[in-house]
Amino acid sequence: YFVGTTLFDTTSLAGVSSVSGTVLTDEQVAVRTVIAVLYVTLSMLGVAAMGLFLSTLTDSPLAATLGALAFLIASSLLLTLDAADAIAPYLPTRYWLAFVDLFRDPVPTRDLVRGVGLQGVYVVVLLGAAWANFTTKDITS
């Protein structure tokens, strides 16, 4: 959007339509885009914390990476199963697509707040577990 408005003539544009159909100004689009990027970045921190925790359990970087990827894929797959509805609100990928709500007018914040809270819990618990496990390692030898 930003590159297009910079490179091409946009004098005929009156704004951008939101997902709800209302027109957003350039400033609103810019602010919401920055917030969406921050939200997506925050959403990835849960998987990154899992990767860091797994790296304290193994000496192989590939095993930690594949474990974090398996965690991500399993979470995504469990969201599609009806039998996993009871645990769906607690899966790290449950609220990943809530950033789309930022482009509605008015912005519904329920899923955004839940997503931030859930990722915060994952980050605190997994970084705490990684720290606890790492403190037991002998790294001087």
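Can you report the number of residues in region 105-119 which are exposed (fewer than 15 other Cβ atoms within 10 Å of the Cβ) and under 18 Å from residue 42 (Cα atoms)?
Going through region 105-119 one residue at a time, the tally reaches 5.
Considering only residues of region 49-94 that are in contact (Cβ under 8 Å) with a residue 24 or more places away in the chain and among the small types (Gly, Ala, Ser), which is surrounded by the fewest Cβ atoms within 10 Å (Cβ to Cβ)?
55
Quick one: is residue 75 under 18 Å from residue 120 (Cβ atoms) and hydroxyl-bearing (Ser, Thr, Tyr)?
Yes; evaluated as a whole, the condition is true for this residue.
With 101, 59, 82 as the choices, which residue is closer than 30 Å to residue 16 by Cα and of a type outside the set (Gly, Ala, Ser)?
101
Are any residues in region 114-135 of a type in the set (Val, Ile, Thr) and in contact with a helix residue (DSSP H, G or I) (Cβ under 9 Å, 6 or more places away or on another chain), and if so, which ones?
116, 121, 123, 124, 125
Looking only at residues that are in contact (Cβ under 8 Å) with a residue 40 or more places away in the chain and among the aliphatic types (A, V, I, L, M) in region 126-135, which one is surrounded by the most Cβ atoms within 10 Å (Cβ to Cβ)?
In this case the residue turns out to be 126.
Taking only pairs six or more apart or across chains, which ones have beta-carbon atoms under 7 Å, a first residue in region 22-44 that is farther than 14 Å from residue 100 by Cβ, and a second residue that is of a type in the set (Val, Ile, Thr) and at pLDDT 90 or above?
That search, which allows pairs on different chains as well, returns 42/116.
Mind checking which helices (runs of 4 or more DSSP H) fall wholly inside region 1-114 and carry at least 1 residues that are at pLDDT 90 or above and within 23 Å of the chain's Cα centre (by Cα)?
26-57, 61-80
The values are calculated or read from the model by the stated rules, or taken from the named source; none is laboratory data. Just so it is clear, the model here is predicted, and its values are computed rather than measured. For neighbour counting, all protein chains shown are included, and Cβ atoms are generated from backbone atoms with ideal geometry for every residue, glycine included.
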